[in-house]
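S.K.: Below is the structure I would like to discuss, written out as structure tokens.
The values are calculated or read from the model by the stated rules, or taken from the named source; none is laboratory data. As the structure is a computational prediction, the values presented were derived from the model and not from experiment. Counting neighbours? That spans all protein chains shown, and the Cβs are built from the backbone with ideal geometry, glycine included.
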Amino acid sequence: MSTESADGDDLNDRITNFLRRNFPQIQMHGGSAAIQNIDREAGSVTIQLGGACSGCGISPMTIQAIKSRMTKEIPEISTVHADTGAASGAGDGMGGGNVSPSFPGESSSSDSDEGPQAPF
């Protein structure tokens, strides 16, 4: 029982580290990525992209890259749901503006005038 909780924490940490390691461009360009939900039994995770990702023209590529890579790298995850929140409603009680970043302790600087780069 407590093992399942520890496993869940480990899975959360691995997903957070996956996002930090594979997609630093999200944060470098003023975006954020947050884990909204992990369903260990179903093998699914819901990721919310926010900040500059909302409305960004390459967000669909970022979402596809997250889905493709995460299912290959983290065996417990078979389905990834990802959204920018640009056109989504208030779903299952997920507070739209309350997205906590998956990159704790890191700050993004918004003085970069660099154009968008592909996230992979």
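S.K.: Counting just the residues of the stretch 64-86 that are part of a strand (DSSP E or B) and of a type outside the set (Gly, Ala, Ser), which one comes out farthest from Ala42 (Cα to Cα)?
M.R.: So the residue we want is Asp83.
S.K.: If I filter the stretch 66-80 down to residues being within 11 Å of the chain's Cα centre (by Cα) and of a type outside the set (Val, Ile, Thr), which single residue comes out as modelled with the highest pLDDT?
M.R.: Across the stretch 66-80, the extreme among qualifying residues is Met70.
S.K.: Does at least one position in the stretch 83-97 carry a residue that is out of contact with any His (no Cβ under 9 Å at 6 or more places or on another chain) and modelled with pLDDT of 80 or more?
M.R.: Looking for residues that are out of contact with any His (no Cβ under 9 Å at 6 or more places or on another chain) and modelled with pLDDT of 80 or more, one finds at least one in the stretch 83-97, hence yes.
S.K.: Could I ask something else about it? Where residues in the stretch 28-47 are at pLDDT 90 or above and part of a loop (DSSP other than H, G, I, E, B), which of them is surrounded by the fewest Cβ atoms within 10 Å (Cβ to Cβ)?
M.R.: Glu41
S.K.: Among the numbered conditions (1) modelled with pLDDT under 50; (2) part of a helix (DSSP H, G or I), tell me where Gly105 comes up short.
M.R.: The one condition Gly105 does not meet is (2).
S.K.: Taking the stretch 40-60, which residues are more than 13 Å from the chain's Cα centre (by Cα) and touching a residue at least 12 places away in the same chain (Cβ under 8 Å)?
M.R.: Arg40, Ala42, Gly43, Ala52, Gly55, Cys56, Gly57, Ile58
S.K.: Is there a residue being under 15 Å from Glu73 (Cβ atoms) and surrounded by 15 or more Cβ atoms within 10 Å (Cβ to Cβ) anywhere in the stretch 48-57?
M.R.: No, the conditions are met nowhere in the stretch 48-57.
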